[in-house]
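Report on one structure; see the data block that follows.
The values are calculated or read from the model by the stated rules, or taken from the named source; none is laboratory data. Bear in mind the structure is a predicted one, so any value in this text is a computation, not a measurement. Neighbour counts are summed over all protein chains in view; Cβ atoms, including those assigned to glycine, are modelled from backbone coordinates with ideal geometry. Just so you know, the surface numbers come from the protein's heavy atoms only, side chains and all, with ligands and any DNA or RNA stripped out. Shrake-Rupley method; radii C 1.70, N 1.55, O 1.52, S 1.80 Å.
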Amino acid sequence: WMGISALFMAISPLPYTVYYYNLDHASDEQHSEFLCLLRKICMEELPFLFNTIITFLTLLLGIQRFIAVQFPLRSFDL
């Protein structure tokens with residue numbers, strides 16, 4: 001799941017990038033509210049969310065490894 005979350009973090013700016021650069025909205029003088037919202041979500045919010053998920057999963061993996069090393073016989077029950 002960490003790999004999937006890292007993949008989503010890497011491709012989350014893609015909708016904004018495609019819309020802004022490939023559909024020629026970079027040359028617009030006036031940027032719409034939709035473009036500002038799309039940039040905020042795709043370039044700031046989604047990567048932060050997926051990075052937080054990766055950090056949380058790393059923490060859970062560390063806790064699981066600690067339990068498996070400290071209590072090897074009871075680790076399946078815990």
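Descriptive notes on the structure:
- For the set 66, 76, 50, the ranking by accessible area, highest first and with no ligand, DNA or RNA atoms included, is 76, 66, 50 under a 1.4 Å probe.
- Relative contact order [Cα under 8 Å, 6+ residues apart], the chain, whole percent: 44
- Farthest towards the positive end of the charge dipole of the chain, among the residues 70, 20, 49, is the Cα of 70, using unit charges on the Cβ of Lys, Arg, Asp and Glu.
- Applying a length cut-off of 30 Å (Cα extent along the axis) and a mean Kyte-Doolittle floor of 0.0 to the DSSP H helices of the chain leaves 46-70.
- Förster radius 22 Å - calculated FRET efficiency between residue 56 and residue 14 (Cβ-Cβ, nearest 0.05): 0.40
- Ranking of 5, 32 by solvent-accessible surface, largest first: 32, 5 (1.4 Å probe, protein heavy atoms only, all chains present).
- Loop-located trypsin sites (Lys or Arg not before Pro) in the chain, at most 11 other Cβ atoms within 10 Å (DSSP): 74
- Cleavage-rule hits, GluC sites (Glu not before Pro), the stretch 1-72, DSSP coil, Cβ neighbours within 10 Å at most 13: 29
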